[in-house]
2 protein chains.
Amino acid sequence: MTAHEPTRTGSQKTAIREENERLILRAAEDVFANYGYEGATTSRIARQAGIPKANLHYYFATKKDLYRRVIDNIFNIWLEAADSFDACDDPVEAITRYVDKKMDISRLNPKGSKVWANEIIQRAPIIQDYLETTLKAWTDSRAQVIQKWIDEGRISAINPHYLLYMIWATTQHYADFGHQIQTLNGNKDLSDEQYAQAKKDVTNIILRGIGAVH
Amino acid sequence: MTAHEPTRTGSQKTAIREENERLILRAAEDVFANYGYEGATTSRIARQAGIPKANLHYYFATKKDLYRRVIDNIFNIWLEAADSFDACDDPVEAITRYVDKKMDISRLNPKGSKVWANEIIQRAPIIQDYLETTLKAWTDSRAQVIQKWIDEGRISAINPHYLLYMIWATTQHYADFGHQIQTLNGNKDLSDEQYAQAKKDVTNIILRGIGAVH
DNA sequence: TTTTAAATTGACCAATTGGTCAAGAACAGG
DNA sequence: CCTGTTCTTGACCAATTGGTCAATTTAAAA
């Protein structure tokens, strides 16, 4: 709980608080993504949110608190996308949907993905508990689903974990390495058509690669 | 040129200088990878190299100089690996070799890969020129090779760039997200056997995915 | 209106940062 | 040996950092 959080019973937030937290979180995501955790300064986040630094610390006691909230957000977005994996039992459709959603997230929310990547690269100093609990549980459970597909002969025998890593790596690459992709694309962002094509190529390579389609 | 570099004609370095630069660069790679550019402190790098901070600044005038040298290293390592792409005209063999080498680098030199990833995530503030010159030239040239394979009907029609991104993303993931992989592997590093299997799965999925093997 | 709580803010602080400097130590060639 | 260069290092500095605080204003409740 934040030090300055109102002490009223219940956790209802004022409209002012709600709005300001939203502004701060949006600015924080941007600054953390572009400068890393240490490179991000609370005064820069405050400036970008359009408020004095002291006011930022009124809403978020420490930089770490703020950071954790930003990571929370992207992690929950991914978990929601992951539901598409469960929505159906057909490997082709499940993987197609999952890749589709993750590619969309990389396009619409690249900053969150970058903050996550940064955190993992630096060995998850803040959110190691997420990895060991929520992420591990989700991963192992979906690996079982994939293993079932293998046992049923619907896809070829590969290690389910390495398939998941491949999907994560490829889809998140379009967010995390978006700047490199943009540069190699003649300093232009991928157009809607290009992005759609990338999505199609990625999906096809994976589906054919695991023998789900021929 | 470094401010304190000896002014003698020719660029021959003392043995002492050679050795100390090596020590510092090794420590710098580690610290930059684990803390990011801003999070890394010159005093920490110096401590890890076993020398006083003032001595570090005798060899490398600024933190930025040091950082650029570290990035230079990993970039050259990758460029060498990329030669395997040219060594042979068969798509199966070329891609197999390239993936193999890149996976090896991810295992043997994960820190360099992490520093690079960090730099790209933060929009390449220091090494943008590399992306626009060397990397762009290399990429476009190899995309042509891949396009030729497509035209000859040896692999299916996909966008060569998106295939390259997929290879980069997947192989580098084993370095950049190594900590996540380790956590999901029960907090144990991938064994030699596991890593070999991952390499095999990655290679097979890609080769089958682009219709190079059946 | 009065009263109480929430929100705002400039001024401030201790700690840390990248980098400097001057004085000396070690080393090389003659 | 001597002489000039390379190397080493503790002490130091201006700038920046995350975070605090007390004083004030705004909003909500009674």
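The values are calculated or read from the model by the stated rules, or taken from the named source; none is laboratory data. Everything numeric here is computed off the predicted structure, so don't read it as measured data. Note: ideal-geometry Cβ built from the backbone for every residue, glycine included; neighbour counts use all protein chains shown. Note: accessible area is taken over every heavy atom of the protein model, side chains too, but ligands, DNA and RNA are not part of it. Shrake-Rupley method; radii C 1.70, N 1.55, O 1.52, S 1.80 Å.
General observations
- Using a 7 Å Cα-to-Cβ projection, residue A:134 label spacings across copies, nm, ascending: 4.0
- Distance between the pseudo-spin-label points of residue B:48 and residue B:194 (7 Å out from Cα toward the beta carbon): 2.4 nm.
- Peptides B:79-92, B:101-114, ordered by how many other C-beta atoms sit within 10 Å of their residues on average, highest first, read B:101-114, B:79-92.
- Semi-axis lengths (Å, descending) of the ellipsoid that matches the C-alpha gyration tensor of the protein assembly as shown: 35, 32, 20
- Whether the stretch A:164-214 is rounded, prolate or oblate, judged on the alpha carbon gyration tensor where a/c under 1.5 counts as rounded: oblate
- Protein-protein interface of the stretch B:154-193, residues with accessible area decrease of at least 50 Å², isolated chain reference, 1.4 Å probe: B:162, B:165, B:166, B:169, B:173, B:177, B:179, B:180, B:183, B:184
- Estimated D of the stretch A:15-61 in µm² per second, where Rh is the Kirkwood radius over Cα pairs and Stokes-Einstein applies at 20 °C, 1.002 mPa s: 206 µm²/s
- Between the stretch B:13-67 and the stretch B:170-195, the Cα center-to-center distance that results, in Å: 28 Å
- With label points set 7 Å from Cα along Cα→Cβ, the inter-copy distances at residue A:80 are 4.7 nm, sorted shortest first.
- Kirkwood radius, the stretch A:99-214, all distinct C-alpha pairs, inverse of mean reciprocal distance: 15.7 Å.
- Protein accessible surface hidden between A and B, which excludes ligands and nucleic acids, total in Å², probe 1.4 Å: 5100 Å²
- Average accessible area per residue (Å²) across the stretch A:1-158 - probe 1.4 Å, nucleic acids and ligands excluded: 49 Å²
- Carbon + sulfur, % of accessible area of chain A - ligands and nucleic acids excluded, 1.4 Å: 49 percent
- Sorted shortest first, the separations between the residue A:54 label point and its copies elsewhere in the assembly read 4.0 nm; each point sits 7 Å from Cα along the Cα-to-Cβ line.
- Cα gyration tensor, chain A - rounded (a/c under 1.5), prolate or oblate: prolate
- Over 29 Å between alpha carbons, listed pairs B:63/B:199; A:13/A:63; A:102/A:136; A:148/B:188; B:53/B:188; A:63/A:101: B:63/B:199; B:53/B:188; A:63/A:101
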